[in-house]
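Just below is one structure, and these are the notes that go with it.
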Amino acid sequence: MKISQIYQLDKVQAQLDFVDITPSSDTPLFIDPFFLGKKQDNWSIEATLTLRSFFQKVIDLIRNDRADDAKDLFAHLHEPNSTCLGMSVGNPRGRGVGDEDTSNIYESLLKSKAIQTGLIQDIEDSVLFVDNFGKDKLSDMATNIIAWHLIVYTQNQCLLHGIPLTQNVASSFFWNRNTTEWEAVYTEMLVVNDKKILLVPKGIVSYSKNYSPDKYYNHFVLNFLQHEHLKLNSALIQHRKDGTPYVTKDSLKELNPQSKDFLRRFTQEHPEVLKQFKDDTESTSLLDIEMQDLDIRAIIPQLIDQLINIPSGPQYATAFHNLIIGILEIIFYPNLINPVKELEIHDGRKRIDICFDNAAKGGIFHRIEHNLRIPCGYIFVECKNYSRDIVNPELDQIAGRFSRRRGKVGFIICRTIDNLQLFINRCRDTYRDDRGLIIPLVDNDIIELLNNHNNWNSNFSERYLSDRVRLITAT
């Protein structure tokens, strides 16, 4: 059974921010540090800083002839079966990095001399240049290092969905970048059948196909060598019927078969090719349809029925909030991720119903920050299940949660607004006073967005939100 079924969340993967794992078996997805480092949302940035802190400590120790101390850092890179991600069949075994593997990986790092020469600069480079090291081991290493980030994420998701946590549980070791040491604590943990579980944001996992030795070798190294042989007019050159010279990749593979030893030697001579590989390789968050065989169009009518049938009023506020969280996941993922419920701000004196990380690389949430120059690292959401109209106090409430550090963009989601144009005018006044951008959405807006949702693109929601923002920001 999946987490959503165990805790009767009544939600499918598309309505959840975390990977809906089955605790009794592994899901073939990976935490990819390269992909994580490309993302610009706050959670991913913090996790990436922790990964880089650990690896920089390893590099510094090795280059300062403290190999034994560096090796000690690998002691806690053991079997991380708590995420239930990876390649094992049946019960998760965390086989990516075992106790024996940690020693072998470290010895391979030293033997390759990739760190001493500066060839390896980021932890993900180990996949390219270290023997017997692949995406499963890299993912497991990363999981151990960023475990604290995953613990906090799991706690927030459990609060969001009402999943019970077990108090005073010993965590696994995690890397603390402030102390540059491994630490463990007693804290609240998700425990399923006596097993500690860490939930993982679906927006950061991948199949780890892009940053791989195969892609580097076939599409960058061989391409470079083709051009070099053509420039040198080498013996590998052949000619087409029209006289055009060419060099086949097969002939280059015979001369230089793919191996990590060859990639190390080649990259030391041509580091610019590795830089191009890093610059040109892009990764995007997996879509829900790529993670779960589900036609989201089939459940949209159910969601609309649920929305229509929730009465307005404070006694039904929790049901309304819970439904809206899942709907926003469907509409806005992967641009908005990592929802946190009842986030405390201003030293705990104020709360916001829902706070999302802004992970958009394009589209309306990107344009708001880069074109309108409104800070929006976080997007705030206030849900109002009122039977009455929304008026100025509700606008002032959400505007009072804004700041330049957290962000100044949010949604007010409510059941209906009698005079929408009047309310938009009030939002425009708030915007013009530089108190932030507040976007109202009512039931009819949510229904329209759901009815036009597409599994593969967000064109309709982009146009819809762009039009609404334009009404508020137009001078």
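The values are calculated or read from the model by the stated rules, or taken from the named source; none is laboratory data. Computed from a predicted structure; not experimentally measured. Heads up, the Cβs are rebuilt from the backbone with ideal geometry, glycines too, and the neighbour counts pull from every protein chain shown.
Details
- From Lys196, Lys202, residue being more than 23 Å from Asp357 (Cα to Cα), assigned by TED's automatic domain parsing to the domain that holds Asp41 and under 22 Å from the mean Cα position of the chain (by Cα): Lys196
- Lone qualifier among Leu236, Leu222 - being outside any strand (DSSP E or B), without any contact (Cβ under 8 Å) to a residue 24 or more places away in the chain and either in contact with a Leu (Cβ under 8 Å, 6 or more places away or on another chain) or surrounded by 19 or more Cβ atoms within 10 Å (Cβ to Cβ) (or both): Leu236
- Subset of region 283-297 that is of a type in the set (A, V, I, L, M) and in a loop (DSSP other than H, G, I, E, B) - its residue that is surrounded by the fewest Cβ atoms within 10 Å (Cβ to Cβ): Leu294
- Taking the numbered list (1) surrounded by fewer than 19 Cβ atoms within 10 Å (Cβ to Cβ); (2) among the acidic types (Asp, Glu); (3) within 26 Å of Ile120 (Cβ to Cβ); (4) not assigned by TED's automatic domain parsing to the domain that holds Phe266 in turn, Glu228 passes all entries but (4).
- Checking every residue in region 415-431 against the condition of being touching a Phe, Trp or Tyr at 6+ places or on another chain (Cβ under 9 Å) and either outside the structural domain of Val381 (by TED's automatic domain parsing) or not polar (S, T, N, Q) (or both) gives at least one match.
- Near pairs, Cβ below 7 angstrom, 6+ apart or cross-chain, from region 245-272 (outside the structural domain of Ile120 (by TED's automatic domain parsing) and modelled with pLDDT under 95) to any residue that is surrounded by 14 or more Cβ atoms within 10 Å (Cβ to Cβ) and of a type in the set (D, E, K, R): Lys260/Asp131
- Test: residue in region 106-128 that is assigned to a strand (DSSP E or B) and either among the polar types (S, T, N, Q) or surrounded by fewer than 19 Cβ atoms within 10 Å (Cβ to Cβ) (or both): no
- Restricting attention to region 159-187 and to residues that are outside any loop (DSSP other than H, G, I, E, B) and of a type in the set (D, E, K, R), the residue that is surrounded by the fewest Cβ atoms within 10 Å (Cβ to Cβ) turns out to be Glu181.
- Checked against the criterion of being surrounded by 21 or more Cβ atoms within 10 Å (Cβ to Cβ), within 16 Å of Ser206 (Cα to Cα) and aromatic (Phe, Trp, Tyr), the candidates Phe35, Phe55 yield just one match: Phe35.
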